[in-house]
Amino acid sequence: DVQLVESGGGSVATGDSLKLSCEASGGTINEKCLGWFRQAPGREREALASIYTGDGITTYADSVKGRFTISRDNAKSMVYLHMNALQLNDTAKYYCAARFEFYGNCDGWEEKYIYWGQGTQVTVS
């Protein structure tokens, strides 16, 4: 099994930047999609970004495109989310997740993300 642990959350002001990290252990992240999700009280879980560990191709939700950047370091089993120009409605608990992928397409298939971290809280005020 793969274990995922997020870190880097906190309380920031509107317009600030924040970098979230996710460390994987218990297995490699080869041939996987790594994704970032968030969930705020009263709202459904929202997929934000994904990256394929094979070639590094990324996808983004329209709500964060141009502001958030996902990246990974396969050798260190790490995935990151760089968040810029944070807004009030970015307040949420942020999760990283992983799923198996063998064709290089990380767009969609949210149900197939079977490994999840515990989440890290981001509060923008």
Legend entry - Residues located in the range 55-79, provided they are open to solvent by 40 Å² or more (accessible area, probe 1.4 Å), part of a strand (DSSP E or B) and either out of contact with any Gly (no Cβ under 8 Å at 6 or more places or on another chain) or not charged (D, E, K, R) (or both): Thr58, Thr59, Tyr60, Thr69, Asp73
Legend entry - For Pro41: the one exception among (1) loosely packed, with under 13 Cβ neighbours inside 10 Å; (2) more than 15 Å from Val124 (Cβ to Cβ); (3) without any contact (Cβ under 8 Å) to a residue 60 or more places away in the chain: (2)
Inset, instruction - Return the residue satisfying two criteria in turn: it lies in the range 80-95 and is farther than 15 Å from Val5 by Cβ and touching a strand residue (DSSP E or B) at 6+ places or on another chain (Cβ under 6 Å), and of such residues it is most open to solvent (accessible area, probe 1.4 Å). - result: Leu88
Legend entry - Residue satisfying all of: in the range 6-23; open to solvent by less than 70 Å² (accessible area, probe 1.4 Å) and part of a strand (DSSP E or B); nearest to Gly117 (Cα to Cα) among these: Glu6
Inset, instruction - Specify which of the listed residues (Ser11, Ser77, Ser50) is in contact with a Leu (Cβ under 8 Å, 6 or more places away or on another chain) and of a type outside the set (Asp, Glu). - result: Ser50
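The values are calculated or read from the model by the stated rules, or taken from the named source; none is laboratory data. Given the structure is predicted, the values throughout are model-derived calculations rather than measurements. Cβ coordinates were reconstructed from backbone atoms using ideal geometry, including for glycine residues, and neighbour counts include every protein chain displayed. Calculation scope for accessible area: heavy atoms of the full protein, side chains included, ligands and nucleic acids excluded. Shrake-Rupley method; radii C 1.70, N 1.55, O 1.52, S 1.80 Å.
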